[in-house]
Amino acid sequence: MANLILDDICVRFGGLQALTDVAFSVGEGEVVGLIGPNGAGKTTVFNVITGVYKASSGTASYDGNVITGLRPYQVLSMGIARTFQNIRLFQNMTALENCMVAQHSRSKSGVVGAILRSPGQMREEARIQEKSQKALEFMGLGDVTDEVASNLPYGHQRRLEIARALASEPQTILLDEPAAGLNPSESMDLMNSIARITELGINVLMVEHDMKVVMGVCSRIVVLDHGVMIAEGVPENIRKNPAVIEAYLGQ
Amino acid sequence: MRGSEHWIHMEFFIQQLINGITLGGVYALIALGYTMVYGIIQLINFAHGEFFAAGGYMGVILISWLASQGLHPYACLALALALSMGYCALLAMAVERLAYKPLREASRLAVLLSALGMSIFLQNGLMLTQGVYDKGYPTEITSGGFEWGLVSVSYMQIFIVGLTATLLVGLNILVFKTRIGRAMRATSQDKVMSALVGINSNRIISITFAIGAGLAAAAGIMVGLYYGSVNYSMGFVPGIKAFAAAVLGGIGNITGALIGGLIIGMVEIFAAGYISGEYKDVFAFIILIGVLYFRPSGIMGENIDDTRV
Amino acid sequence: MKRLLALIAALAVMTLVLTGCGEEEKAGKVLRIGTMSPLTGPYAADGNDIRQGAEIAVEVMKEQGGVEGYTDIQLFSQDTACDPKQAVAAANKLINEKVTAVVGAYCSSSTIPSSETLAEENIVMLTPASTSPQVTERGLPYMFRTCGRDDHQAPAAVKFMKDVADVKTLFIVDDKTTYSQGLADGVSIAAKAAGIEVLEHDHVNQGDKDYSAVLTKVKAANPDMFYISLQNSATGALMVIQARRMGINATFMGQDAVYHPNLIEIGKNAAEGMFCTFGAIDKDAPAFKNFLSKYKAIANNEPGAYSAYSFDSTMAYMLAVKAAGSTDPAKVRAELMKLDFVGASKNVVYDEKGDSGSNYTVYQIKDGKFVPYWNSLTGDKY
């Protein structure tokens, strides 16, 4: 059963048609790649799913519930987390705090309990901290937990973004160019990480330019060009698809 | 004779130091509200001084009423403090909801004007409901103290400094050790991102207003108790001073608000004590301008801030 | 375009004609009096007293049958906020309301500039509270003062210090208004002339609540008397509370602006024993008792320090109009100069300058009340 379903999504910014009738799905255990030339509307798709932009028409649904029109924090609490193309960590917080903050919607203690340090609140803090620690270790960041994010090397920051998304305990994770700026060996590590993420039972939707990564990890690929879906299929078919070749070479 | 004169100078200095810490503590508590709100939505909340005044009024009303119910004075004080802080927290949340939230996407000037309007509205509201006459605080709870020669420390001063310290420690725990605090820091750094990690920024902004106003209410009660009365326009001058303190410390920075408050308090007291009372504001603002000239972001501003809210 | 201009011109002329007719009709019937006092800001308490004092006077006059030739007496109140600029604006608003007299203002720094504006329109101004000598020293024909003058108050206070309280050393604090600093300077000069040592004359700012720094100086100087010249009774109360808490043992003395029930209400024990100079008001006199009962009944609170002066100022003007049979300023002035009536505050008689004499008395706060202590005119204790 498909988890995340996009149904004829259209997005217009003034006169500009950013997305036209985009429709695809991300199912259980899948790693779906979303590719296309620059400006094809890939990040716009992410922004529509996560509630940053509103779709002009069409709906997105998740587990049978419509999510278009929800606020970003509500989308997250449904189990969809994301990372950013240009890293958007909380630069002044430590790696651990970055992960802890991501569990905001999974915890509930209020102001009064927090100030009084009630036992319930202390237990919750401990639980959040433990999960964050695990997420960091999963992404190989176990030894930099107390480092301030802005002091981490670039590759670590990329991984911290994924760790933060994982810390919110998503069922689906949206990765926006996770391999951008990574060297070949770091890209290999990333591919391993993505494989292990799917082993946790988390579905992945990934925008990526690095074809080696895309072809290596994706079970299915969706191709966008100028906001229109031009192809969808398994990696081998996409590689041979003339429309895709045209879109990439034609520019 | 020389020795004793030396002692008088020493005692004079110590007394002024104590005066400065007390006044600085009050400024710091008010400055925190400015700085927290600025940190989270980059708004100078001109109405903040009115929360201070409203807290002072609520305090005297509650203390008198509770005392008439036969409660022990200290119990009255504690209860009045808690209730006034709660009241002002709710008031601030309402103000935010009414006057600032609808303007979240508007230009900063629009919000600033809305804040100014809110300040006038609240001040006149206080005037119309509470009257133009000063309201005296009961002085019985606040009398007494220690005395060594020229130096006298009243229980009230100890209470003010103690309560200020307690509230600051509480605030620090809240901001740095709890999930709400993390969410506040996250929202102040990147509102879009914090929404994407699941934080309802409107709620966090509302909580920030509430906390700032709660602290201002506590300051209002302390001022009422310490100085003896409250009136409807009392928020204006301390509001300006506390705003200066927040800017001096580096607006948006909690530690900065504390340092700024203490500096402004000290400078005022020492300028009045050693030069003349009429120049104390001049010196306070000279220090402010001087610091901003060399460090435009304030003492603890931006570049070294991991304490920003 | 031309037609549009013509239309606008026609409309404008019509408006003028219409309002002109309206005024003519009204002017014959309603006596319009303005009040100016700080209704907002730190001095709103005194400002309110002044407005209420005038309101009570109008009520009393109406009860007594009003002023002949006028169907009604209307009061127009404006806020000065004790700010010179706002005071001038308030004066202009009252001119637009077509008042023929103004009772006010409170702060001398408001009264002086606004009186210039009113003088241009020949509007009578009667101040119930501004004690700066300047108010009546500028030769304005329609400026009257029902309260006393600071150049009488300062010598009275110093005479009391020297002759009665046996003061050798003095510490003076003011809050830098035209009135409060002017009076404090006067006290300082008179005290030096009388051989009293002025240890220091310091200043605080309006709006301050914290006086600890200056009070620490007072404590270190240890004067016989601490003279407090503040613009407001509530701030005066704050100062005495903080001074007593700090353990200052000097005798406190204040002036007419801190003389107010508020000082006792807020200052409580700290204010006990303090002296204040204020015009002698005989609270047992029938005129005052009559005023007091009316005031309590109508305003529903106790009169403040200047309520009685405001009442008398308003009453004086209405009596003068009654006698003159018109609001013509020259005729009213002539009647005011002839006036001699027993008011709530004193026997009101204006001299050539517009002053009505000072009768400063030293009051002491005893058991939560202002009690007359020493009369500066006779030099006797009560």
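The values are calculated or read from the model by the stated rules, or taken from the named source; none is laboratory data. None of these values were measured; they are calculated from a predicted model. Don't worry about glycine lacking a Cβ; one is built from the backbone with ideal geometry, like all the others, and counts go over all protein chains shown. Quick note on the areas: whole protein, heavy atoms, side chains included, nothing else; ligands and nucleic acids left out. Shrake-Rupley method; radii C 1.70, N 1.55, O 1.52, S 1.80 Å.
If you run the Gaussian network model on chain B, springs between alpha carbon atoms under 10 Å, then out of B:Ala195, B:Ala284, B:Ala257 the most flexible one is B:Ala195. Rounded to the nearest 10 square angstrom, B:Glu278 shows an accessible area of 50 square angstrom against a 1.4 Å probe.
For the stretch C:84-191, with only Lys/Arg (+1) and Asp/Glu (-1) charged at the beta-carbon, what is the dipole magnitude about the Cα centre, in debye rounded to 20? Write out the running numbers ahead of the final one.
Working: 10 positive and 12 negative charges, 19 e Å.
Dipole about the Cα centre, nearest 20: 80 debye.
How high is the relative contact order of chain A, given as a whole-number percent (alpha carbon pairs under 8 Å, six or more residues apart)?
Details: 464 pairs, mean separation 69.1, N = 251.
The value is 28 percent.
Positive contributions from Lys and Arg (+1) and negative ones from Asp and Glu (-1), summed over other residues with Cβ under 14 Å from the Cβ of A:Ile245, come out at -1. Please give the net charge around B:Met127, taking every other residue with its beta carbon less than 13 angstrom from that of B:Met127, where Lys and Arg add +1 and Asp and Glu add -1. That sum, taken over residues with Cβ under 13 Å, equals -2.
Just checking the listed ones, C:Ser188, C:Ser326, C:Ser229: in the Gaussian network model of chain C with Cα springs under 10 Å, the one fluctuating most is C:Ser326.
Count, for each residue of B:14-26, the Cβ atoms from other chains sitting within 10 Å of its Cβ, then give me the mean as a whole number.
Mean number of neighbouring Cβ atoms from other chains: 3.
Going by alpha carbons, how many degrees (0 to 90, nearest 10) lie between the helix axis of C:329-338 and the longest principal axis of chain C? With rounding to tens, the tilt is 40 degrees. The Cα-based radius of gyration of chain C, divided by its Kirkwood radius, gives an Rg/Rh of 1.04. Projected label points at C:Leu377 and C:Glu116, each 7 Å from Cα along the beta carbon direction, are separated by 3.4 nanometres. Ordering A:Ala23, C:Ala250, A:Met191 by the projection of their Cα atoms onto the charge dipole of the protein assembly as shown, which places +1 on the Cβ of Lys and Arg and -1 on the Cβ of Asp and Glu, puts A:Ala23 at the extreme positive end. Rounded, prolate or oblate: pick one for the stretch A:95-163, where a ≥ b ≥ c are the square roots of the eigenvalues of its C-alpha gyration tensor, a/c under 1.5 means rounded, and failing that, prolate if a/b is larger than b/c, else oblate. It is prolate, given that a/c is not under 1.5 and a/b is the larger ratio. Between B:Leu292 and B:Val192, the contour length at 0.36 nm per residue exceeds the alpha carbon distance by 33.0 nm.
Each residue was assigned an accessible area with a 1.4 Å probe, and for B:Phe176 the value is about 50 Å². Put a plus charge on the Cβ of each Lys and Arg, a minus charge on the Cβ of each Asp and Glu, and nothing anywhere else: the dipole of the stretch A:95-163 about its Cα centre is then about 340 debye. Other protein chain C-beta atoms within 10 Å of residue C-beta, averaged over C:113-125: 0. For the protein assembly as shown, the fraction of alpha-carbon pairs lying more than 57 Å apart is 31 percent, rounded to a whole number. Partner lysines whose Cα lies under 28 Å from the Cα of C:Lys192, excluding those fewer than 8 positions away in the same chain, are identified as B:Lys280, C:Lys159, C:Lys162, C:Lys168, C:Lys176, C:Lys217, C:Lys219, C:Lys381.
Residue by residue along A:93-105, Cβ atoms of other protein chains within 10 Å of the local Cβ number 5 on average.
Gap in Å between the Cα centre of the stretch A:3-20 and the Cα centre of the stretch B:227-306? Comparing the Cα centres of the stretch B:227-306 and the stretch A:3-20, I get a distance of 52 Å.
On average over all directions, what projected area in square nanometres does the stretch B:28-232 have, based on the convex hull of its Cα atoms?
Values: hull surface 52.1 nm².
So the mean shadow area of the Cα hull is 13.0 nm².
Peptides B:260-268, A:84-92, C:286-294 ordered by packing proxy, namely the average of other Cβ atoms within 10 Å per residue, highest first: B:260-268, A:84-92, C:286-294.
Measuring with a 1.4 angstrom probe and ignoring ligands and nucleic acids, C:Lys338 comes out at about 140 Å² accessible. Partner lysines whose Cα lies under 23 Å from the Cα of B:Lys177, excluding those fewer than 8 positions away in the same chain, are identified as A:Lys108, A:Lys131, A:Lys134, B:Lys191.
Interface size between chain B and chain A, please: total buried accessible area, 1.4 Å probe, rounded to the nearest 100 Å².
Numbers: alone 14670 and 11950 Å², together 23900 Å².
Adding both sides of the contact gives about 2700 Å².
Using only helices, what value at 222 nm comes out for chain A when you add -39,500 (n - 2.57) per DSSP H run of length 4 or more and divide by the total residues, to the nearest 500 deg cm²/dmol?
Computed ellipticity for chain A at 222 nm equals -11500 deg cm²/dmol.
Positive contributions from Lys and Arg (+1) and negative ones from Asp and Glu (-1), summed over other residues with Cβ under 11 Å from the Cβ of C:Ser108, come out at +1.
Using the Cα centre as the reference, give the magnitude of the dipole from point charges on the C-beta atoms of the stretch B:97-197 (Lys, Arg: +1; Asp, Glu: -1; all else neutral), rounded to the nearest 20 debye. Don't skip to the end; give the middle numbers.
Values: 10 positive and 5 negative charges, 154 e Å.
In total the dipole reaches around 740 debye.
Using a Gaussian network model of chain B in which every pair of alpha carbons under 10 angstrom is joined by a spring, one finds that among B:Ile21, B:Ile251, B:Ile287 the greatest mean-square fluctuation is at B:Ile287.
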